[in-house]
1. Scan the range 17-35 and report the pairs whose first residue is free of Cβ contacts under 8 Å to residues at least 12 places away in the same chain and whose second residue is of a type in the set (A, V, I, L, M), with Cβ atoms within less than 8 Å and a gap of 6+ or a chain change.
2. Starting from the range 54-74, keep only residues that are among the aromatic types (F, W, Y), then list their pairs with residues that are modelled with pLDDT of 80 or more whose Cβ atoms are within a distance under 9 Å, requiring at least 6 positions of separation or different chains.
3. Restricting to the range 26-69, and then to whatever is more than 13 Å from the chain's Cα centre (by Cα) and not in a helix (DSSP H, G or I), can you tell me which residue is farthest from the ligand (Cβ to nearest atom)?
4. Can you pull out every residue in the range 1-17 that is modelled with pLDDT of 85 or more and part of a helix (DSSP H, G or I)?
Amino acid sequence: MNLKSLLGLNCDEAATACSKAQYKETSLREKLKLRLHLFFCKPCKEYSKKNQKLSLLIKKAKIQTCSEVEKEAYRQRMNNAGSHASKR
Ligand SMILES: [Zn+2]
């Protein structure tokens with residue numbers, strides 16, 4: 001029995017919900033599920049933290065209108081997503 005999927009989200013879904021949440025595309029139900037998942041799942045929690053930091057960086061970068069920083073942050077996030085998925 002897998003506790004994580006019992007919570008309604010597996011790690012992949014949590015990661016997706018996480019990036020959607022950044023753009024405010026998640027429903028309240030999805031957010032609650034995501035929070036619950038993050039509470040029990042450490043890797044996803046770390047991932048979500050990184051994501052939040054990155055989006056802050058991106059916001060700052062946008063103020064400075066530096067698209068290279070944004071691209072780099074995006075690339076890093078993709079790398080993080082990949083390594084997170086392969087860890088399972
Ligand atoms: Zn997870």
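The values are calculated or read from the model by the stated rules, or taken from the named source; none is laboratory data. In this text the structure is predicted, and so the values were computed from the model without any measurement. Reconstructed Cβ throughout: ideal geometry from the backbone, glycine too, with neighbour counts over all protein chains shown.
1. Listed pairs, sorted by first residue: T26/A17; T26/L34.
2. Y74/L54; Y74/I58
3. T65
4. Our first condition is that a residue be modelled with pLDDT of 85 or more; within the range 1-17, this holds for 9-17.
Listed by number, the residues that qualify are C11, D12, E13, A14, A15, T16, A17.
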